[in-house]
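Trainee: I'd like to ask some things about the structure below.
Nothing in this text is a laboratory measurement; each read-out follows from the coordinates by a stated rule. No experiment lies behind these values; they were computed from the predicted model shown. Neighbour counts run over all protein chains shown; Cβ positions are idealised from the backbone, glycine included.
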C-alpha cells in the first residue's frame, strides 16, 4: 500500500513513524464517495459537528456548575447572569441538544428511506441505533442537572420506569437513586454519567465511521458503486458540500439560540425542584414525546414500558425485518407510500406525547402505536415478499449518461 | 494420538479453572462498585420521622416528609370511612380491606407517591381535584385513588403504599 507523497519533510518524518497523515489522506481526502449523494447525506457529518459543539460547551459549563441539590439551580442562574457569556454557552448547549436530535432524526429517516440499513451495512445501522440510545440517556441526565421542577419530576418518572421490571424493579430504582427518592446522590451520579457518556458516544461514532468506510456511503439509487466513474474523492467535493450545509444549519441554530432560546424548553424548569409538588402537566423534552406517547398509550404499566423500549428495539432488528434486496425507496412504489405514513405517524405521536392522556388523545396514541409496530413487524416483512420493485439502473452513472457506463455512452455517440 | 487426549483434558481443566477464578475475582471487584450506588449510611440514618397527628382536624390533610417523599396524613370524615368500607373488595384492582390499611380508622397514613411512575397525587388541599372516588387524583397519567388510597382507575398497578408506622403515644406517630 503506497501512501501519498507529502512534500513537508517533518510531515514525512512523522508519517513514517506514525502514519496519521496517510490515514487522514485515505479516509478524508481520496476516500471514494458515490457521486450522486443528495443533501440528505449532509446530516451524518453535521451530527458529528453538533456532537463536538456539545462537548466543548458542556466541558465549559461544568467549570461553573455545582452538582448539589442546594446549589445546582442557583449555579445555573449564576451561569446565566454572572458568568461571562454564560448565557450564550448555556443556550448553545441546551438548544444544541434539540438540534442534535433534529439532525439525527433526519439522518435516521434518510437511512430508512434509502434502505441504508441493508446488507452489508447492518452493523453500521445497529451502531447508529446504539448512538441514539446513548444520546437519549445523556440528554435525559443533562436535563436533570438544572434541578428545576421538570428536571426533578422528569427524573422521578423516568427512573420509576424501571420499577415495572418484575422482581428486581424496586431494587434497581433504589440503586439508581442512591436513596429513597430522587435526591442529592441521584443528582451527583447523573452529573458524573452526563460527563462520561458523550465520550462513550465519541467511541461508538468512531466505530460507526469505521463500519461506514468499509463499504462506503449508500446513495439515493441504493445500488453499489461499480467503478471509478461512479465515485468522486471526498475532498474537496463533499468537504465543501458539508461545509455549505453546516453554514445553512448554523443560520437556523443561531436564529434559535439568539432569538428563541427558550422555545423548546419548558417554563416550569425555571421553578426550583420541589419534591412535594408535581407540576400539573409533566412533559418530557420534545425529542422524547413519540416514545412517551407509546408509553402512555398502553394501560398496563409493565407493557407500556416494554412497548416503549421495543419501539427502539425494532430498529435494531430492522435489517432482518425488511428482506427486500432493493435498498432505495425510489424503486419501491408501495414501500415509498408507507415510509411517508410512518413519518406522519411519528409526527402524530410526537404531538400526542405532549397532550394530556385523556379522551381522543389516548385513542389516537393507541392507533399511532399500533401502526408503528405494524409497519416494522408486519408491513416490512410482507412487502419484502409481495412488492414488485421497479427496474434498477445498471450503475450510478447510467441515469446521467444514458447507458451502462461513461465509456459505453461514448461508443454510442 | 493418545497423549493428545490426556493433554487436552488437563489443559482444558486449567483453562476452565483459571477462567472461573477470573470470573469470581471480577464479580468480587464489581460488587463494591455496584453497591456504592445504594443508599449510604447517612441516608439510611434519616429513615424515620415523628409526627403529632392531634393537630390534624377532621376533614383535614397534612403532608409530612419521610425519606424525602411526601406522606399523606388524612383525618377522614365518617362519610369517607363509610365509603371506604362500602366496597366489594373482590372487584378492586389491588384488593385490600380498609381495616388492613389503618391502625385508627379515622387517621389514614399513606406514602403520597403514585404507584405508577412516582408523581405526587393531588387531593391534599380542599381545592384539589380528588378523582372520581373522592380520594386522590394523579395528574401525570390519570390514576384515581379512593378514600382509602386504593387504586380504582388508571394505569397505576397498586394502592398507595401504607408506610410502616406506629403510635408511640396517643397522638404521635413514628413513620419508618
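Trainee: Can you put A:144, B:65, A:104 in order of Cβ neighbours within 10 angstrom, beginning with the fewest?
Mentor: The fewest-first ordering by Cβ neighbours comes to B:65, A:104, A:144.
Trainee: Something else now. If you build a Gaussian network model of chain B, linking Cα atoms that sit under 10 Å apart, which residue out of B:110, B:46, B:160 swings the most?
Mentor: Sorting by GNM fluctuation, first place goes to B:46.
Trainee: Then there's this: Pull out a ≥ b ≥ c, the square roots of the eigenvalues of the alpha-carbon gyration tensor of region A:19-59, then state rounded if a/c is under 1.5, prolate if not and a/b is larger than b/c, and oblate in the remaining case.
Mentor: Because a/c hits 1.5 or more and a/b fails to exceed b/c, region A:19-59 counts as oblate.
Trainee: Once the Cα atoms of helix B:2-35 and of chain B are each reduced to a long axis, what angle between those two axes, in degrees from 0 to 90 to the nearest 10, is obtained?
Mentor: Relative to chain B, helix B:2-35 is tipped by roughly 30 degrees.
Trainee: So for chain A, averaging the separation of alpha carbon pairs under 8 Å that are six or more residues apart and normalising by length, what relative contact order in percent results?
Mentor: It comes to 21 percent, rounded to a whole number.
Trainee: Can you give me the angle between helix A:184-215 and the longest principal axis of chain A, using Cα atoms only, in degrees from 0 to 90, rounded to the nearest 10?
Mentor: 10 degrees
Trainee: In nanometres, what is the gap between the two model label sites at residue B:91 and residue A:213, each 7 Å from Cα along Cα-to-Cβ?
Mentor: So the two model labels end up 6.9 nm from each other.
Trainee: Specify the residue with the greatest mean-square fluctuation among B:112, B:25, B:135, computed from a Gaussian network of chain B linking alpha-carbon atoms under 10 Å apart.
Mentor: Of the options given, B:25 has the highest mean-square fluctuation.
Trainee: How many angstrom separate the Cα center of region A:1-79 from the Cα center of region A:241-311?
Mentor: 26 Å
Trainee: Going by the alpha-carbon gyration tensor, a ≥ b ≥ c the square roots of its eigenvalues, is region B:55-176 rounded (a/c under 1.5) or, if a/c is not under 1.5, prolate (a/b greater than b/c) versus oblate?
Mentor: Rounded, because the longest to shortest axis ratio a/c is under 1.5.
Trainee: Classify region A:73-181 from the C-alpha gyration tensor, please: rounded if a/c falls under 1.5, else prolate or oblate depending on whether a/b exceeds b/c.
Mentor: oblate
Trainee: Which residue, B:52, B:12, B:128, has the most motion in a Gaussian network model of chain B that connects Cα atoms within less than 10 Å?
Mentor: Taking springs between Cα atoms under 10 Å, the residue moving most is B:12.
Trainee: On to the next question. Going by C-beta contacts inside 10 Å, put B:103, A:7 in order with the fewest on the left.
Mentor: A:7, B:103
Trainee: Once label points are set 7 Å from the Cα along Cα→Cβ at both residue B:50 and residue B:18, what is their separation, rounded to one decimal in nm?
Mentor: Each label point is offset 7 Å from its Cα along the Cβ direction, giving 6.2 nm.
Trainee: To the nearest whole number, what is the average tally of beta carbon atoms from other chains within 10 Å of the beta carbons of peptide A:274-285?
Mentor: 4
Trainee: Right, here's the next one. With an 8 Å Cα cut-off and a minimum separation of 6 or more residues, compute the relative contact order for region B:19-176 in percent.
Mentor: 21 percent
Trainee: If you count, for every residue in B:155-166, the Cβ atoms of partner chains within 10 Å of its Cβ, what is the mean?
Mentor: Average neighbour count from other chains, rounded to a whole number: 1.
Trainee: Taking the beta-carbon count within 10 Å as an exposure proxy, list A:301, B:79 from fewest neighbours to most.
Mentor: Least crowded to most crowded, the residues run B:79, A:301.
Trainee: In vacuo Debye scattering of chain A, one point per C-alpha: log10 I(q)/I(0) at q = 0.06, 0.07, 0.10 Å⁻¹?
Mentor: Log-scaled intensity ratios, in q order: -0.30, -0.41, -0.80.
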